[in-house]
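Encoded as structure tokens, the structure appears first; notes follow it.
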Amino acid sequence: MLDPRRMPGLQGASNFRDLGGYPGAHGRPLRWRRLFRSDHLGGLTDTDRQVLREMGVTRAFDFRGIEERAAQPYHLPGLRQHALSIEPSVAQNMAALVEAGLPLTAARMTDLMEALYRRLVHEESPRYAEWFGHLLEDDAPLVFHCTAGKDRTGVAAALLLLALGVPREVVEQDYLYSNQVFRRPPSSGHGGLVPEEALQVLWTVQSRFLHASLDVIEATPGGLERYFEQRLGLSPAARERLMSLYLETPEAAG
């Protein structure tokens, strides 16, 4: 069950939630009000902006592509924005299928989503490495997001939680919470050209999507630990620093 403390109740960002409280390495839970994941922030209300100010959020990491950011920009005084562009690919692949005369079935959309998740941890690992570099600078409260806050952001959250020692079953549970809270935008039907069964796959998450990412990592020599070090720049010392920044101190945890 989703802990209500995770949801500050923003009106303009349905998938905005706190990663605090999850069990981390050495019995130390993640600190509350430090790490937030979200869908895009372009629809925040004045009240939402005040909530972010009161929570002390001063850093935002945006995984959206260039056109996505231009279409739904946002500005909050005191919030530093960092663009870590991962261009969307599913829409282009959908168009390619249509052009080839292939119907967009749920099965084909599932294949496209799994391919996206494999690409994220392989081709887009430099963006995630850059993000971790920012996380290691200090522990100022931050939010990271994409458009829906479920795919590019979902992989980012999973990598972060795993790096902090959160059990994989808890990581997956957090990933699936998007299905409970994310509100699909009214204009999400692609002009009626995409069947609802395919849209349902596109706008939700499935365990098999996240598994597609993690299976790619685990299939490489050295698995997750080597991936952290070689692809994300997280040496053992960097992992320790990450934990010191975002996990409760042993005294507080005990």
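Just a few scattered comments:
- If you go through the range 13-36 and keep only what is open to solvent by 20 Å² or more (accessible area, probe 1.4 Å) and in contact with an Asp or Glu (Cβ under 7 Å, 6 or more places away or on another chain), you end up with GLY21, ARG28, PRO29, ARG31, TRP32, ARG33, ARG34.
- Among (1) surrounded by fewer than 17 Cβ atoms within 10 Å (Cβ to Cβ); (2) closer than 21 Å to PHE228 by Cβ - the single one PRO186 does not satisfy: (2)
- Qualifying residue in the range 207-221 (condition: on the phi > 0 side of the Ramachandran plot and either more than 18 Å from the chain's Cα centre (by Cα) or open to solvent by less than 10 Å² (accessible area, probe 1.4 Å) (or both)): no
- Highlighted here are the helices (runs of 4 or more DSSP H) found entirely within the range 172-254 that include at least 1 residues which are touching a residue at least 12 places away in the same chain (Cβ under 8 Å), farther than 22 Å from ASP18 by Cβ and in contact with a Leu (Cβ under 7 Å, 6 or more places away or on another chain): 196-202, 207-218, 223-231, 236-246.
- Subset of the range 50-76 (residues that are in a helix (DSSP H, G or I) and crowded, with 20+ Cβ neighbours inside 10 Å): LEU52
- In the condition set (1) outside any loop (DSSP other than H, G, I, E, B); (2) over 26 Å from PRO186 (Cβ atoms); (3) touching a Lys or Arg at 6+ places or on another chain (Cβ under 7 Å), ARG37 is compliant with all but (2).
- Failed condition for GLY9, given (1) at negative phi; (2) touching a residue at least 24 places away in the same chain (Cβ under 8 Å); (3) open to solvent by 30 Å² or more (accessible area, probe 1.4 Å): (1)
- Flag for LEU193 being exposed (fewer than 14 other Cβ atoms within 10 Å of the Cβ) and either among the acidic types (Asp, Glu) or more than 20 Å from LEU120 (Cβ to Cβ) (or both): yes
The values are calculated or read from the model by the stated rules, or taken from the named source; none is laboratory data. What you are looking at is a predicted structure, and each value in this text was computed from that prediction instead of being measured. Note: ideal-geometry Cβ built from the backbone for every residue, glycine included; neighbour counts use all protein chains shown. These accessible areas exclude ligands, DNA and RNA; they are computed on the full protein's heavy atoms, side chains included. Shrake-Rupley method; radii C 1.70, N 1.55, O 1.52, S 1.80 Å.
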